[in-house]
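Trainee: Before we start, here is the structure in question, set down as structure tokens.
The values are calculated or read from the model by the stated rules, or taken from the named source; none is laboratory data. Quantities reported herein were computed from a predicted structural model and do not represent experimental measurements. Counting neighbours? That spans all protein chains shown, and the Cβs are built from the backbone with ideal geometry, glycine included.
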Amino acid sequence: MESLLIQSNEFKRQVSLEFKRYLYHEIEWSWRLIGIVGARGTGKTTMVLQYLKEHFKSNNQNAIYISLDDFYFTNNTLIDFIKEFRQKGGVFIAIDEVHKYPGWAREIKNAYDRFPDINIVFTGSSILEILQLDVDLSRRAVVYRLSGLSFREYLEMENICRERKYSLDEILSGHHDIAYHITEKIKPLAFFSDYLRFGYYPYYSENRSVYYSRLSQTMKLIIENDLRLVKGYDPGNARKIEQLLYILAGNVPFKPNITKLSEKIGVYRSTLVRYLHYLAKAEIINLLFLKGISTSTLQKPEKIFLNNTNIAYMLCREKVNQGSIRESFFLSQIQVFHNVSLPKKSGDFLVDDTYLFEIGGSRKTNKQIKNEKQAFIVSDDIEIGALNKIPLWLFGFLY
């Protein structure tokens, strides 16, 4: 117990409060049981340590950060730790890497029910189906999902520009004024290409020269370790999933031929469809379905994208397709707070079953969507738009 407190205080001491993720200010931290899930490397651990540092003194014994992959928990149960910590005056526990501890959900549920004076925040992989566990946490936990850095957050983290986020409605109705306001401070296109290459995962700032190596290692950890959390996943097929990912990287976005893909990597068609859903759950790829179509693990997606542009550059380096990059960026930013589907007729994306978007370069016209209502052109390589033509970079200010 004492060693874990010392370790927790050291982690708090080292974390910086200068930059906080968008989700930090949206979490209702006073709730007794909070879950934070997200892909590896998005900053979940940093965020909970920032909360501890900001609200509890550095040597405070009443709040603690622990990780369930610590050797301590190979010989001690979580529930016994929480009980002992509470007896010594503890009131707040931040629990990291819950998916590394068998039976974590039941012990957290028991702690919640038995100790009403303890607040618990837990973090875990984006693959976790926290609200569909055998143990019912849905009536107890408020679960938040943390995405990678937005373009807006990247600019703030780089000390280039500090600007508030804008809602989709604000951008659609006032994009000209918003873009003009921002471009009076900075030239967004001067920094946009760097964000597309390096800016999605916060750890890029530690050393850009090895960023793609670290990102590649992160992808392997997800495929070889995290996917084991999914029922029915065969770890022996990890290399086939890696092969699938490289095939997708050279073709996305595209409408997949599941039969040909399954033959190419040597798995059954139904297995391939499940793997695509696993990769989407792990936030390595994004799947797009037609409006109104089920997104169950048995449903074939209509279109596949890489989850974010950094993964595309890591896999393809300078051979990336710019049209693919534009669409991947738009989807990665807008899906955080909005439902996105594939339009049945014209356009690239249908958002919230209402707004139609066509993505392209600076010369993109509204020819393909001219007869559609609530339709917009999203153009790369422009600073300020007009009428229904909106700069692509501006959608990086949605969160």
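Trainee: In this structure, is residue 51 closer than 16 Å to residue 144 by Cα, buried (at least 19 other Cβ atoms within 10 Å of the Cβ) and among the aromatic types (Phe, Trp, Tyr)?
Mentor: Yes: the conditions hold for residue 51.
Trainee: Among the numbered conditions (1) buried (at least 20 other Cβ atoms within 10 Å of the Cβ); (2) of a type outside the set (D, E, K, R); (3) not in a helix (DSSP H, G or I), tell me where residue 138 comes up short.
Mentor: Among (1) buried (at least 20 other Cβ atoms within 10 Å of the Cβ); (2) of a type outside the set (D, E, K, R); (3) not in a helix (DSSP H, G or I), residue 138 violates only (1).
Trainee: I need a count of the residues in segment 62-88 that are under 18 Å from residue 47 (Cα atoms) and part of a loop (DSSP other than H, G, I, E, B).
Mentor: Within segment 62-88, residues that are under 18 Å from residue 47 (Cα atoms) and part of a loop (DSSP other than H, G, I, E, B) number 1.
Trainee: Here are some conditions: (1) in contact with a Ser or Thr (Cβ under 8 Å, 6 or more places away or on another chain); (2) closer than 27 Å to residue 144 by Cα; (3) in contact (Cβ under 8 Å) with a residue 40 or more places away in the chain. Residue 298 meets all but one. Which one does it not meet?
Mentor: Answer for residue 298: the failing condition is (3).
Trainee: While we're looking at this one, here's another question. Tell me the residue from 183, 123 that is under 30 Å from residue 101 (Cβ atoms), surrounded by 12 or more Cβ atoms within 10 Å (Cβ to Cβ), among the hydroxyl-bearing types (Ser, Thr, Tyr) and in contact (Cβ under 8 Å) with a residue 40 or more places away in the chain, please.
Mentor: Criteria check complete, one pass: 123.
Trainee: Right, here's the next one. Test of understanding: among 137, 128, which residue is on the phi < 0 side of the Ramachandran plot, modelled with pLDDT under 95 and in contact with a strand residue (DSSP E or B) (Cβ under 7 Å, 6 or more places away or on another chain)?
Mentor: 128
Trainee: Of these, 327, 318, 383, 372, which one is crowded, with 20+ Cβ neighbours inside 10 Å, charged (D, E, K, R) and either assigned to a helix (DSSP H, G or I) or in contact with a strand residue (DSSP E or B) (Cβ under 8 Å, 6 or more places away or on another chain) (or both)?
Mentor: 327
Trainee: Among (1) out of contact with any Leu (no Cβ under 6 Å at 6 or more places or on another chain); (2) under 27 Å from residue 323 (Cβ atoms); (3) part of a loop (DSSP other than H, G, I, E, B), where does residue 200 come up short?
Mentor: So residue 200 meets the others, but not (1).
Trainee: In segment 89-106, which residue that is modelled with pLDDT of 95 or more and either among the charged types (D, E, K, R) or not in a loop (DSSP other than H, G, I, E, B) (or both) is farthest from residue 30 (Cα to Cα)?
Mentor: Ranking the candidates gives 96 first.
Trainee: Scan segment 248-279 for residues that are within 19 Å of the chain's Cα centre (by Cα) and free of Cβ contacts under 8 Å to residues at least 12 places away in the same chain and report the count.
Mentor: Of the residues in that region, 0 qualify.
Trainee: Yes or no: segment 392-399 includes at least one residue that is in contact with a Leu (Cβ under 7 Å, 6 or more places away or on another chain), assigned to a helix (DSSP H, G or I) and buried (at least 22 other Cβ atoms within 10 Å of the Cβ).
Mentor: Yes, that holds for at least one residue.
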